[in-house]
Each structure stands twice: as structure tokens, then as C-alpha cells.
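Since every read-out is calculated from the coordinates, none of them should be taken as a lab result. Given the structure is predicted, the values throughout are model-derived calculations rather than measurements. All Cβ positions, glycine included, derive from the backbone under ideal geometry; neighbour counts span all protein chains shown.
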Amino acid sequence: MPVLKDQYHRVIDYLRISITDRCNLRCRYCMPEEGIPLISHTDILRYEEMLRVVNVYAGAGISKVRLTGGEPLVRRGIVDFVHRLAQVPGLTDLSMTSNGVLLKEFAGSLKAAGLARINVSLDTLNPEKFRHITRRDKFHDVWAGIEKALTVGLSPVKINVVTINGTNHDEILDFARLTQRLPLAVRFIEYMPTGNGHWDNDLVFTASKIREIIEEVGELVSINGGKITGPAIRYRLRGAPGEIGFINPISSHFCETCNRIRLTPDGHLRPCLFSDDEFDLKPLLRGGGEDQQLIEVLRKVLARKPKQHEITDVQFKKCQRGMSAIGG
Ligand code: SAM
Ligand code: SF4
């Protein structure tokens, strides 16, 4: 299996594909109430085009793919797409990030199609607060989706909690206790200046503060000897079936171990979530480009991958694309 490295010698083996910019929620930190200007249907990559990119890049060293969005489950034909992706030689890990609204309906067929695991975004366990944060009354659908994902054996099921000071920081213990009851991996994510919502430093609830709160209910035992294997630093409350993870893009750089690149719904390959550097694959995909040319773009993207993001710099400007059109 070939190994892809960037200029800082990081192994890059992970592609996140945002398959749509459409979404059935309107999370305040991600999208405005009226939604965002949508990418036209003709500009959105067809599944065949995404499959070609994955096939070519899997041959070059990409072995993990995560589907995200927008909301990946709102795109028609998703189960068949997952099924075809799962057949791509060289892909060893296929996962998805979803808001969970449609998961109850899809979990079984996604698992049967070859999806290994799923991350569900859920920032509150309170249905009223859910309605406030997402502007939609869908808490119970999401919860039913999480239960279904556990039942059909998607494993692990991770819960992403964007922790915002003054919004949901008072639920940290409730989420921690959930891991004592269910085999869920709850990951607290620091609020980042990427979406369409208001961001300022005071809204960030740091991982170290979250840890202090959780340690009131029990001892956090580190998993993997505290080694960072992905963006999360992982723990378990002693004796709990579930896990607790911290993703700290703001309070500490996780860029050193970054292994990923991103493909946007309209076919732009991005070296980093936090910069607007991107390369359009569509002219090659729709203009008879050779596989080798797709690989040349991949190499350019790797060469442009920054050493680290600058989001805590005073000079930092929010990316032009919102999170829903990049894929968080
Ligand atoms: N719609 C799907 C979902 O919500 O899981 C997938 C796309 S969403 C953009 C991916 C992840 O990005 C979600 O977990 C969401 O909470 C997170 N996200 C969006 N805006 C964010 C922000 N400003 N800071 C931190 N995380 C953010
Ligand atoms: Fe939709 Fe996910 Fe953005 Fe919420 S975070 S509006 S669910 S894309």
C-alpha cells in the first residue's frame, strides 16, 4: 500500500467527503435561519464522480473515508453510494458524520451496505434546548436514531457535542453520565470560528474546564496511554461502557497529527478545514482528465497543507465557506 505524506512528514490517509451542502437542521453556530446560498445541482459532484476520486486516491494511499455534509442522509441514493464505496479496493474504514434526524430510518441499511461506524452530532439532551440550538423540533428523532445505530451494531457510535459557554456547558455531567449507561463515545468539541454563527473567545468552553467538571463524578482513565491517535484525546470514566473524548482545536493545536484532506460537494479538494486554499477537481472529472492528473492535484494539495491552523491568531479571518459546505 503506497503511503502519502505531506511536506511536514505527516501521513495523509483520510479523506472527508461532504456529499451535500443541504441540511434538515439550522444549528445556530453553523447556518442562518434561512439556510445558506446553495450550490447548484449541476455543480454538485455526482456519486460516480466521487467514486472515481475515491478509487484513484485509494490506490495512492487514502484508506479511510468519512461522509459528511451538510447532512449526508438527506442526499438521495446514499445507501447505494455507501454500498459502492465499501467495495473500493484499499479502503479499510468507511464512516459518516450525521445529525441523526433520519438515522432511525437508515441505520440498518447503512450497516448492511458496509458503513462501519457513525458520529452523531448532539449538543443537548434537553428537547427544548435542542429546538433552540437547531431551530427544529427533532430531538426525539435523533435520540431514536442513536438507539437504532447501537441496535444494528454500528460501532462505535460517537456523539459529537460542540460545547458552547452559556448554551450547553451546564450539561457536561449529563453527557458524561451517559457513557456510564451506554456504550457511546461522547466527544466534547471546542467551538470553532468557522460557521455562520457569532463566535468569540468567551463562547469557547475549554477541554481543561470540561475535564475538571467531569472529574467530580469519577476518575477519568486514559485510553491508549493518553496518546493522540486522531483529533480526540480519549478517556473512560472508571468502569463505564462508553468513552469520553476531547477535541481541542482552540486550546491546543491538534494539527501535528492531522492525517486528513477534504472534498467539498462541488468537487474542491482542501488541504485544511481552516483555510480557503482549495483545488477544483471538476474540470478534470468532467473534461476527460486522466487518473494521473487527479493524483497530481492530490500531491499539490498535500504540498499546500499548512503546518497548523491560525484560528487563535488575532489576524485570523473566518473561511469563506461555512462548515456545512466544507464538511465539519
Ligand atoms: N450535518 C452533520 C452533523 O451535524 O453531524 C454533518 C456536518 S456538520 C458541519 C459536522 C460537525 O461540525 C458537527 O458535529 C457540528 O456540530 C460541527 N460544527 C459545525 N460548526 C461548528 C463550529 N463552529 N465549531 C465546532 N464544530 C462545529
Ligand atoms: Fe446541519 Fe450539521 Fe450544520 Fe447543524 S451542524 S446545520 S446539522 S450541517
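In this structure, the amide hydrogen of Asn196, modeled 1.01 Å from its nitrogen in the peptide plane, lies closer than 5 angstrom to those of Cys30, Met31, Met323, counting only residues at least 5 positions away or on a different chain. Taking the C-alpha atoms only, the angle from helix 139-152 to the longest principal axis of the chain is near 70 degrees. Here the calculated FRET efficiency for His132 and Asp170, from their Cβ-Cβ distance with R0 = 22 Å, stands at 0.95, rounded to the nearest 0.05.
Filter the trypsin sites (Lys or Arg not before Pro) in segment 1-101 to those in DSSP coil with at most 15 other Cβ atoms within 10 Å of their Cβ, and list the result. Walk me through the numbers on the way to the answer.
On the way: sites: Lys5, Arg10, Arg16, Arg22, Arg26, Arg28, Arg46, Arg52, Lys64, Arg66, Arg75, Arg76, Arg84; in loops: Arg10, Arg22, Arg26, Arg28, Arg46, Arg75, Arg76.
Within segment 1-101, the qualifying trypsin sites (Lys or Arg not before Pro) (loop, at most 15 other Cβ atoms within 10 Å) are Arg46, Arg76.
Residue-wise HN-Hα couplings along segment 158-174, as the Karplus relation 6.51 cos²θ - 1.76 cosθ + 1.60 with θ = phi - 60° gives them from phi, are 10, 10, 8, 10, 6, 9, 10, 4, x, 10, 9, 5, 7, 10, 4, 5, 4 Hz; Gly and Pro carry x. Beta bridges per DSSP, both residues in the chain: antiparallel share near 30 percent. Computed over segment 67-168, the convex hull of the alpha-carbon atoms projects to a mean area of 6.6 nm². Tell me, what is the percent relative contact order of segment 188-313, built from C-alpha pairs under 8 Å that lie six or more residues apart? Rounded, it is 19 percent for segment 188-313. Taking the helices alone, the chain has a mean residue ellipticity at 222 nm of -8500 deg cm²/dmol, built from -39,500 (n - 2.57) per DSSP H run of at least 4 residues and averaged over all its residues. For segment 14-50, the set of GluC sites (Glu not before Pro) satisfying both a DSSP loop assignment and a count of at most 10 other C-beta atoms within 10 Å is given as Glu33, Glu34. For the chain, the longest principal axis of the Cα atoms and the long axis of helix 291-303 meet at an angle of about 50 degrees.
Quick one: net charge around Ala185, please, counting Lys, Arg +1 and Asp, Glu -1 for every other residue with C-beta under 9 Å from its C-beta.
Values: positive: Lys158, Arg187, Arg234; negative: Glu243.
Taking every other residue near Ala185 into account, the sum is +2.
Taking amide H positions as modeled 1.01 Å from N, with prolines and chain starts lacking one, no residue 5 or more places away or on another chain lies under 5 Å from Leu220.
For Val162, the residues whose amide H sits under 5 Å from its own are Leu122, Ile189, ignoring neighbours fewer than 5 places away on the same chain, with H placed 1.01 Å from N. Centroid-to-centroid, using Cα positions, segment 184-211 and segment 247-275 are 16 Å apart.
Inverting the mean 1/r over all pairs of different Cα atoms, compute the Kirkwood radius of the chain and quote it in Å.
Working: mean 1/r = 0.0496 Å⁻¹.
One over the average 1/r among Cα pairs gives 20.2 Å for the chain.
Over the C-alpha trace of segment 231-294, radius of gyration and Dmax come out as 18.0, 56 angstrom.
Restricting segment 228-285 to trypsin sites (Lys or Arg not before Pro) that sit in a DSSP loop and have at most 16 other Cβ atoms within 10 Å of their own Cβ leaves Arg238.
At most 13 other Cβ atoms within 10 Å plus a DSSP loop assignment makes a site exposed; report the longest stretch of the chain without any exposed chymotrypsin sites (Phe, Trp or Tyr not before Pro). Display every interim value, and only then the final one.
Numbers: sites that count: Tyr8, Phe316.
Result for the longest clean stretch: 9-315.
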